[in-house]
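The values are calculated or read from the model by the stated rules, or taken from the named source; none is laboratory data. Please read these numbers as outputs of a predicted model, since none were measured by experiment. So basically every Cβ, Gly included, is an ideal-geometry build from the backbone, and we count neighbours across all protein chains shown.
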Amino acid sequence: MLIFRFQPDPSFQMTPEQEAESGQQWGSWIGNIANQGKFISTAQLGFTGAVLQADLSCSNQIYTANTTAMGGNMVIKTDSQSDALEISKGCPILQMGGSVEVREILPM
């Protein structure tokens with residue numbers, strides 16, 4: 001699984017042109033992975049949510065670690081972590097100063 005992280009900036013608003021360009025970049029990158037037969041699924045997370053604690057208390061603040069938020073994920077099929085890292089090098093979130101965390105998915 002590729003986990004996309006970024007530093008939220010509430011003051012930043014993309015222009016419609018920037019949104020279109022970003023959508024094209026993501027679509028091209030994901031399409032390339034799909035063309036290789038390595039794409040399984042992807043999801044973008046929203047910017048609001050809630051966290052339920054073990055004591056059943058609830059907060060409307062999503063988790064951010066060191067001011068970095070999880071923005072989404074993608075499940076891909078590769079033979080190794082190094083293959084997944086190579087695929088990650090084309091991720092558009094890197095151009096925005098974000099990061100891609102590569103994790104193995106373990107069956108349950």
Taking into account only those residues within segment 37-48 that are assigned to a loop (DSSP other than H, G, I, E, B) and touching a residue at least 24 places away in the same chain (Cβ under 8 Å), which is surrounded by the fewest Cβ atoms within 10 Å (Cβ to Cβ)?
37
Subset of segment 62-102 (residues that are surrounded by 12 or more Cβ atoms within 10 Å (Cβ to Cβ) and in a loop (DSSP other than H, G, I, E, B)):
62, 64, 77, 78, 90, 91, 98
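Suppose the filter is more than 10 Å from the chain's Cα centre (by Cα), β-branched (Val, Ile, Thr) and closer than 16 Å to residue 5 by Cβ; does residue 62 pass it?
Here the answer is yes, as residue 62 does meet what is asked.
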Exception for residue 25 within (1) touching a strand residue (DSSP E or B) at 6+ places or on another chain (Cβ under 9 Å); (2) touching a residue at least 40 places away in the same chain (Cβ under 8 Å); (3) of a type outside the set (D, E, K, R); (4) over 21 Å from residue 10 (Cβ atoms) falls at (1)
Only one residue in 22, 59, 11 is surrounded by 12 or more Cβ atoms within 10 Å (Cβ to Cβ) and more than 21 Å from residue 105 (Cα to Cα). Which one?
22
Return yes when residue 105 is surrounded by 15 or more Cβ atoms within 10 Å (Cβ to Cβ) and either among the aliphatic types (A, V, I, L, M) or modelled with pLDDT of 95 or more (or both) and no when it is not.
no
